[in-house]
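Structure record follows, encoded as structure tokens.
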Amino acid sequence: MSAIQPEAATELVSTSLDIGYDKRLMVFSGRANPDLAVKIGGKLGVDLGGVTLKTFSNGEVYCRYEESIRGADVFFVQPTCSNSRTGITTNDALMELLVMTDAAVGASAHRVIAVMPWFAYSRQDKKSMPREPISARLVVRMLEAAGVDRVLTMDLHAGQIQGFFQKPVDHMTAMHFLTQYFSDLGLDDLVVVAPDVGRVKLAKKFSEKIGAELAVLNKERPAQQVAEIGYVIGDVKGKTALIVDDMIDTAGTLKAAGQTVREEGAARVFATATHPVFSGDAYENLASSAFEQIVVTDTIPLREGAPDNVRVLSCADRLTAAIREIFTDGWVSEVFGGENQLF
Ligand code: R5P
């Protein structure tokens, strides 16, 4: 057998690499928010990938891709929320994202990107009392252990959650299109109200963007999921108050905040938040509140029966633009004019 000469070997190697490789972009939806995934797929001009997802009678979650995903950049649209229409819970959504990731890694995807605009457990980002878990960190560990390469998320409860990750995180915000919406309403004498001190930075940016005053409420939590508002720092009398939060869960915070600013003399009250968790008595609390409008986004799908004062704006444009930039190794922060790290 004759040995290959060095020149011939070089030729062989370079020829074997020249295979006209085209990276593929594939988008798959879990069962948490298929409507959002369809919107994103439509804007990207790609059909959602075929995947079988089911829950066995014992509650275990199953997933299998219906086509090859070898070498593709796979984007999973799966905010970790419940969906009453598809019948999955928050924990199912998380587990589904994990098994989708495991299956994609095993099927030789090039990169696995979790598009989870709503990040469940984000409020458990530190110990508030002894012997509690730091559940947000645990979720991050599970995602990374499963093999997620990158996470695309939106308005995290605390920006520092990014620090739990070893992998890159693209942190989007809904602030730009929410502020645009309220600017377009042309409300007079607007004051942006932070419902607690944790939201002051967000509310301040919001107020600067729409040229409004800022006020802050003093919120106490006597027990988990119970909100009490003490007093207002700032002037809301005779003004249009816009309460800005990252999420509305039971709407206990919002209801108490709305009542307080009305008692302090606000003429009109509006509210906005990125994530409509809307659990427990949220709809009853919102329906019986003084809010003219409660403006949220579609990071989380609404269950049936939302009160008439709830408006939903889509975050699909922003997520689509970010996905494009990630896929092409472009410039994600440019989608937000460099203003996506809010706090
Ligand atoms: C708290 O820090 C959050 O930003 C929200 O204000 C809170 O989690 C909303 O919860 P709920 O609607 O149940 O009062």
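Can you name the residue in the range 310-343 that is modelled with pLDDT of 95 or more and over 19 Å from V77 (Cβ atoms) and is also surrounded by the most Cβ atoms within 10 Å (Cβ to Cβ) among such residues? Applying the filter and picking the extreme gives V310.
Condition check for V226 on (1) more than 25 Å from A306 (Cβ to Cβ); (2) surrounded by fewer than 21 Cβ atoms within 10 Å (Cβ to Cβ); (3) of a type in the set (V, I, T); (4) in contact (Cβ under 8 Å) with a residue 24 or more places away in the chain: one failure, at (1).
Restricting attention to the range 231-243 and to residues that are without any contact (Cβ under 8 Å) to a residue 40 or more places away in the chain and either assigned to a loop (DSSP other than H, G, I, E, B) or under 30 Å from the mean Cα position of the chain (by Cα) (or both), the residue that is surrounded by the most Cβ atoms within 10 Å (Cβ to Cβ) turns out to be V232. The number of residues in the range 251-269 that are more than 10 Å from the ligand (Cβ to nearest atom) and either assigned to a helix (DSSP H, G or I) or surrounded by fewer than 24 Cβ atoms within 10 Å (Cβ to Cβ) (or both) comes to 10.
Picking from residues in the range 274-284 that are more than 8 Å from the ligand (Cβ to nearest atom) and closer than 19 Å to E228 by Cβ, the one that is nearest to the chain's Cα centre (by Cα) is D281.
Table: residues versus (1) free of Cβ contacts under 8 Å to residues at least 12 places away in the same chain; (2) surrounded by fewer than 19 Cβ atoms within 10 Å (Cβ to Cβ); (3) more than 16 Å from the ligand (Cβ to nearest atom); (4) assigned to a loop (DSSP other than H, G, I, E, B).
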{"site": "V112", "(1), (2), (3), (4)": "no, no, yes, no"}
{"site": "R131", "(1), (2), (3), (4)": "yes, yes, yes, yes"}
{"site": "L138", "(1), (2), (3), (4)": "no, yes, yes, no"}
{"site": "L143", "(1), (2), (3), (4)": "no, no, yes, no"}
{"site": "V151", "(1), (2), (3), (4)": "no, no, yes, no"}
{"site": "K167", "(1), (2), (3), (4)": "no, yes, yes, yes"}
{"site": "K201", "(1), (2), (3), (4)": "no, yes, no, no"}
{"site": "E208", "(1), (2), (3), (4)": "yes, yes, yes, no"}
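The sole residue among D184, D189, D196 that is in contact (Cβ under 8 Å) with a residue 24 or more places away in the chain, farther than 30 Å from S29 by Cβ and surrounded by fewer than 16 Cβ atoms within 10 Å (Cβ to Cβ) is D189.
The values are calculated or read from the model by the stated rules, or taken from the named source; none is laboratory data. All of these numbers come straight from a predicted model, not from anything done at the bench. We place every Cβ from the backbone using ideal geometry, glycine too, and count neighbours over all the protein chains shown.
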